[in-house]
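Taking it in order: structure first as structure tokens, then the write-up.
Nothing in this text is a laboratory measurement; each read-out follows from the coordinates by a stated rule. Just so we're clear, the structure is a prediction, and the values are computed from it rather than from any experiment. Backbone-built Cβ (ideal geometry, glycine too); neighbour counts: all protein chains shown.
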């Protein structure tokens, strides 16, 4: 009986001293610099501009009926590279601090425009998946790149993906047709 009392007191003392020795203070040891969304917006605007050319190349290939794996590989690889570059730039901004969500609606609109532009053009390739099975591997690369970018944006601007998902609910069927499961999961659709 005495042993259990002593053991209980010892456990309580040990736990109390650990908690007292390292109190949890919000933001302790972390210097967060808050910024507006202008720098994030600029990086995403660069992505949108960079994707215009490869997306128009894919549209031209579809319009002319000359879609082949080799023909679409370069523009799709360019889109993946552009998205991954933007993700890296956003990650660099995140390492510098959190972004204050002052103009989240504008940022969400831009992210939705980028995703919608990519998805709308790639949707035109769905019919070619039966004749060009390797095309699915390229589309999977775009899906992974988009999902990574969206996840990085959510880490930087909390709540952004909720706004983007609301804007893109009409694209959920197209994302499903493209088998963009990672992007669907990132958006919570």
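General observations
- Ratio of Rg to Rh over region 38-187 (Cα coordinates, Kirkwood Rh, two decimals): 0.97
- With a simple spin-label model that places each label point 7 Å from the Cα along the Cα-to-Cβ direction, the separation between residue 45 and residue 151 comes to 2.9 nm.
- Highest average packing first - 136-142, 85-91, 62-68, Cβ atoms within 10 Å: 85-91, 136-142, 62-68
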